[in-house]
Every structure is written in C-alpha cells, then in structure tokens.
Amino acid sequence: MIEPPISLDVVDYIQKTRDSYAALGYPDYDWAHNPEAPTINPPVQLADSRVAVVASGGIYVEGQVAFHYKDDASYRRIPMDVNVDDLRISHFAYHTTDAKADPNVVLPLEALRALEADGTIGSLVPTGLTFMGGIYSQRKVREDLIPALTDELREMAPDIVLLVPVSPVCHQTVGLIARHLEAEGFVTTSLASAWSITASVNPPRAAFLNYPLGHTAGPPHNPAVQREVVEAALRLVEHPQDQPVIDPLPQQWPSDWRATARKLKDDRTPRHDTPQYDIRT
C-alpha cells in the first residue's frame, strides 16, 4: 500500500472510522483493499484530449430528483455548460456548507472550462456524471453503478476520465470505478483527500490534496487554486507508469483543521431513504 510522505500530516480516515464504530459498539467496516496493481493505460497528451468528469458529491441540477441517503447507486447527467448557481447537493457524509456556496469544490466545472478555453485540454465532453458516493455496499457499486457509468462513458468516448470523490466512502467508490474503467481501456485520474482509503482501494492515479473533506477540488471561491489542483490531477496522465501513483499536491489549507477532523464525534446528516433537497432562497 502506498504510504504518505513522513512530512505530510494526513488524517487516517480508515482508523478514524474504526475508532468511531468501536465507540458505538459496531463491528469494523470492511474497506476495499486491492494490493494488486490495476491496469495502467499508456500516457496521453492533455492538449489533444477529450475530458470527462465523474464526481461523487451528490450534485444534481435544480429540477432533477435528489439523491437519497441509503446506498443510492443512481447517477445524474450534468450539462458541462450548466449555470453553477443551478446546482444542488444531496449527501449525508460530508459537511456541505462550502460545496453549497461554491459547487466547484466538489465538481470543478469552472476550472475545467478554463482549461478548455486556454487549450490546456483539447475539449470537454458535453455531459458530466454525478452520484452520491457514500455507498457502503461495494456489491451495489460493482453491480449497479459501475456498469451504468461505463456504458455512459463508452458513448461519450473521452480520452481521459477525471474522478472526484468527497466523503470517506466516496473515495472507496471512486477508486473502484477508476480501477474498472482503466481495465476497460479508459485513461483515468482522480483527486483525493483521504490518503488511507485511496491507497487501500488502489486506483491507477490520484492527486492528493491535504484539505478537509468537502474540498477535494480546492477552496471555495478561489478559481486560481481550483484550476491548479485540477490541472495537476490531469497532468498525471501524461507520465508513463507501471504502478499506481498518489501524488501529494503542494497547496496548504490556511488553518490546522486536522485536530477537529480526528475527533470521534459525527454530526453529519442522518441517512434517509428519501431525497433531502437543498432548498435555497
């Protein structure tokens, strides 16, 4: 398993979950662990590439049905030219305040548009794919979500698929998707902010941003940093490799959030069977 650099103070979300479950009297959650390397496809050049984005933050467009909170394996199509103000979020497993104020922190549409506009990437496929990645059932991910996303992406025919997880279980879900897509011939790259889970599931490529969960694509209302983060993840596809890569990014969160993140208290939204809408005034 890929270990973080000694100098990088990361939150071990696998151990944090174990501690939290033990305090509640629950058995350990069985995290996906893939010691074998996934298929690693040949490098591609960004400037000549069509890019698709797949994101797990529970994002949908106003007017679409929201996600429910118990292993919802459905997905939504998001037009890449959508007005960001029309995006909504339905997710139980991360603090959504900043994402609701600036959805680009979990679905980096504006960073991707900027990279297309200046020629860093060749083009964006017209539609992004989003889902509620807090799916504890790995069977549902493999049997329901992954085949549906794979079929959609075959129709889109991107050269690169950028995947964006958010919550701890989202990182597992996204890693499983990335491994499958790479085996199907897609070149994938991911963002990540949960090192231990990403290393355990072992996707082909991930750029690690040591930020609080809910900010995988950068800080809110900071398009310059969001662009840097997204471009760094995409640049990973240009380098030859024969083993999975987790690349630590240099950006630093402006305050020490880690002590709070390590506490056992969990005050996130309870899981519901029915959609919980993001109502804005």
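Some notes on this structure:
- Among the residues making up the range 226-252, a single one is over 24 Å from Ser196 (Cβ atoms) and touching a Gly at 6+ places or on another chain (Cβ under 7 Å): Gln226.
- Residues that are within 15 Å of Arg50 (Cα to Cα), in a loop (DSSP other than H, G, I, E, B) and among the hydrophobic types (A, V, I, L, M, F, W, C), drawn from the range 93-141: Ile121, Val125
- Of the residues making up the range 130-148, those that are surrounded by 22 or more Cβ atoms within 10 Å (Cβ to Cβ) and under 21 Å from Gln64 (Cα atoms) are Thr130, Phe131, Met132, Gly133, Gly134, Ile135, Leu145.
- Restricting the range 74-90 to residues that are open to solvent by less than 20 Å² (accessible area, probe 1.4 Å) and touching a Ser or Thr at 6+ places or on another chain (Cβ under 8 Å), the residue that is farthest from Gly133 (Cα to Cα): Met80
- Taking the conditions (1) under 28 Å from Ile160 (Cα atoms); (2) aliphatic (A, V, I, L, M); (3) open to solvent by 70 Å² or more (accessible area, probe 1.4 Å) in turn, Ala32 satisfies each one other than (3).
- In summary, Glu155 fulfils each of the numbered conditions (1) open to solvent by 10 Å² or more (accessible area, probe 1.4 Å); (2) part of a helix (DSSP H, G or I); (3) in contact (Cβ under 8 Å) with a residue 12 or more places away in the chain; (4) more than 22 Å from Thr96 (Cβ to Cβ) with the single exception of condition (3).
- If the condition is being closer than 18 Å to Ser137 by Cα and not hydroxyl-bearing (Ser, Thr, Tyr), then the range 8-36 contributes Ile14, Arg18, Pro27, Asp28, Asp30, Trp31, Ala32, His33, Asn34.
- Among the residues of the range 87-111, the ones that are touching a Gly at 6+ places or on another chain (Cβ under 8 Å) and among the charged types (D, E, K, R) come to 1 in all.
- Considering the range 158-179, the residues that are in contact with a Ser or Thr (Cβ under 7 Å, 6 or more places away or on another chain) and part of a helix (DSSP H, G or I) include one that is farthest from Phe92 (Cα to Cα), namely Ala178.
- Meets criteria (touching a strand residue (DSSP E or B) at 6+ places or on another chain (Cβ under 7 Å), surrounded by fewer than 17 Cβ atoms within 10 Å (Cβ to Cβ) and either among the β-branched types (Val, Ile, Thr) or farther than 30 Å from Thr127 by Cα (or both)) for Leu8: yes
- Of all residues in the range 229-246, those satisfying the criterion of being part of a helix (DSSP H, G or I) and surrounded by 16 or more Cβ atoms within 10 Å (Cβ to Cβ) are Val229, Val230, Glu231, Ala232, Ala233, Leu234, Leu236, Val237.
The values are calculated or read from the model by the stated rules, or taken from the named source; none is laboratory data. Computed from a predicted model, the values in this text were never measured in an experiment. So basically every Cβ, Gly included, is an ideal-geometry build from the backbone, and we count neighbours across all protein chains shown. SASA here: full protein model, heavy atoms, side chains in, ligands and nucleic acids out. Shrake-Rupley method; radii C 1.70, N 1.55, O 1.52, S 1.80 Å.
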